[in-house]
Amino acid sequence: MICFDIGASVGRWSRVNLNNYSKIIAIEAIPNIYNNLKQSLELCNHCECINYVVTNNNNQSINFYNCENYVLSTQLSYGIKKIRISILSLNAN
């Protein structure tokens with residue numbers, strides 16, 4: 001069975017559930033958190049990490065504001081650095 005860990009952060013849930021699924025696809029939007037996710041799961045043969053936003057929005061990308069502390073990224077503008085992230089749309093269209 002395949003499982004999607006959407007908003008995977010640094011992969012804690014994926015690591016805990018490694019033995020419960022034949023494949024885990026861990027998706028994280030924020031680039032610096034995604035890098036930590038890849039590092040966290042690099043030895044897991046049946047985990048795939050993807051750097052996208054998952055949404056039902058048909059736009060090509062979305063704005064995030066990234067804070068120096070990797071756990072405090074948000075879509076609100078009071079963050080430190082504005083970044084554009086590609087979208088993986090769940091729309092059937």
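Mind counting the residues in the range 39-59 that are closer than 16 Å to Ile83 by Cβ and either in contact with a Ser or Thr (Cβ under 7 Å, 6 or more places away or on another chain) or open to solvent by less than 40 Å² (accessible area, probe 1.4 Å) (or both)?
Residues in the range 39-59 being closer than 16 Å to Ile83 by Cβ and either in contact with a Ser or Thr (Cβ under 7 Å, 6 or more places away or on another chain) or open to solvent by less than 40 Å² (accessible area, probe 1.4 Å) (or both): 3 in total.
Being open to solvent by 50 Å² or more (accessible area, probe 1.4 Å) and at pLDDT 95 or above is the filter here; which residues of the range 23-38 pass it?
If the condition is that a residue be open to solvent by 50 Å² or more (accessible area, probe 1.4 Å) and at pLDDT 95 or above, then Lys23, Lys38 are the ones that fit.
Asn45: out of contact with any His (no Cβ under 6 Å at 6 or more places or on another chain) and in a helix (DSSP H, G or I), yes or no?
Answer is no for this residue.
The values are calculated or read from the model by the stated rules, or taken from the named source; none is laboratory data. Being a predicted model, the structure only gives us computed values, none of them experimental. Note that we place each Cβ from the backbone using ideal geometry, even for glycine, and neighbour counts take in every protein chain shown. Side chains included, ligands, DNA and RNA excluded: accessible areas come from the protein's heavy atoms. Shrake-Rupley method; radii C 1.70, N 1.55, O 1.52, S 1.80 Å.
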